[in-house]
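The values are calculated or read from the model by the stated rules, or taken from the named source; none is laboratory data. Note that the structure is predicted; figures quoted are calculated from it, not measured. Neighbour counts run over all protein chains shown; Cβ positions are idealised from the backbone, glycine included.
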Amino acid sequence: MSEQHRLFQNNIAFYGAGSMSEAIVRGLIARSVISPSNIIMLNRSNSARLEELNQRYNVQTSNDEAAKIGILRTSSVIVLAMKPKDAAAALQQLGPLLSGGQLIVSVIAGLSIHTIQRLLGRNLPVARTMPNTSSSIGLGATGISFSEEITQDQRRTVMTLFEAVGTVTVIDEMQMEVLTGISGSGPAYIYYMMEAMMEAGIRGGLTQQQSKDLTVQTVLGAARMVQQTGEEPSALRAKVTSPNGSTQAAIQTLDEGNFFEDVIAAVHRCAERSREMGAQLESDNS
């Protein structure tokens, strides 16, 4: 895609260069939403990580303090992607550098719009988002909440950026933690289930590769069945669960271990932990 036909022409600064930033950047570049030359990735001190990202994606990188100040002053979009423990100090330093027209996009779990604005010292436009790492292959699921200061153009910018790497759900900020528990951390639950299925295959005599191939295709196929048929998971499960059959025996074993309620408890504990992290940030910097 030519430069003039890319969806986003302005600079985006990723303030934090961890796995989530990389996932989003990889997806944006793969989908030709933005040129790598318009992406700048910043961190505090890890030069090796920045060099790796520069080589891998041809994006701009910097951890030089003077250069970072200039980048943050001039980037039209700043994505907050630092670790939660580093967020308060970074935002307090960032606030005085910014102008009213810049858009702040946060991917930090637990950090509310109110807290972001308070730490910045200004009520700048903020989009609080919770993507997941599947964004790197264009199959992410991102929840977004907007501050009152967001303009329609800024809203469209945020939607364009995240729709390019998956599906987007706009929600009230009060629901952001439960969304974190479902889709933000959700891939990890599925990976954990896959680990167990693969181990079961290996213990049953399959090779590691055979067990992996079968598990991956099974999970992929099940997700696509829900997506493409439009049927509820419960209905699809019933279709493959014959009375007194082998699948029914397996489901009963899961039920004996309280599998259904354990998954719900895990989602809620994840949401609770996200709230705790946000409350701690608020308390530490009130």
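A quick yes/no check of all residues on (1) among the small types (Gly, Ala, Ser); (2) touching a Gly at 6+ places or on another chain (Cβ under 9 Å); (3) at pLDDT below 90; (4) farther than 23 Å from Thr142 by Cβ:
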| residue | (1), (2), (3), (4) |
| --- | --- |
| Leu53 | no, no, no, no |
| Asp64 | no, no, yes, yes |
| Ile71 | no, no, no, yes |
| Ile78 | no, no, no, no |
| Ala90 | yes, yes, no, no |
| Pro96 | no, yes, no, yes |
| Gly101 | yes, no, yes, yes |
| Ile104 | no, no, no, no |
| Ala109 | yes, yes, yes, no |
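I'd like the full set of residues that are surrounded by fewer than 17 Cβ atoms within 10 Å (Cβ to Cβ) and acidic (Asp, Glu), limited to region 263-286.
Across region 263-286, the qualifying residues are Glu272, Glu276, Asp284.
Go through region 151-165 and give me each residue that's of a type in the set (A, V, I, L, M, F, W, C) and in a helix (DSSP H, G or I).
Val158, Met159, Leu161, Phe162
I'm trying to understand the selection: among the residues of region 122-149, which are in contact (Cβ under 8 Å) with a residue 40 or more places away in the chain and over 8 Å from the mean Cα position of the chain (by Cα)?
Arg128, Ser136, Ile137, Gly138, Gly143
Please count how many residues of region 113-150 are among the hydroxyl-bearing types (Ser, Thr, Tyr) and either assigned to a helix (DSSP H, G or I) or modelled with pLDDT under 95 (or both).
5
How many residues, within region 208-253, are surrounded by 13 or more Cβ atoms within 10 Å (Cβ to Cβ) and either aliphatic (A, V, I, L, M) or in contact (Cβ under 8 Å) with a residue 24 or more places away in the chain (or both)?
Qualifying residue count, region 208-253: 9.
Say we look at region 95-115 and pick out the residues that are of a type in the set (A, V, I, L, M, F, W, C) and buried (at least 23 other Cβ atoms within 10 Å of the Cβ); which of these is farthest from the chain's Cα centre (by Cα)?
Step by step, filter region 95-115, then rank; the result is Leu103.
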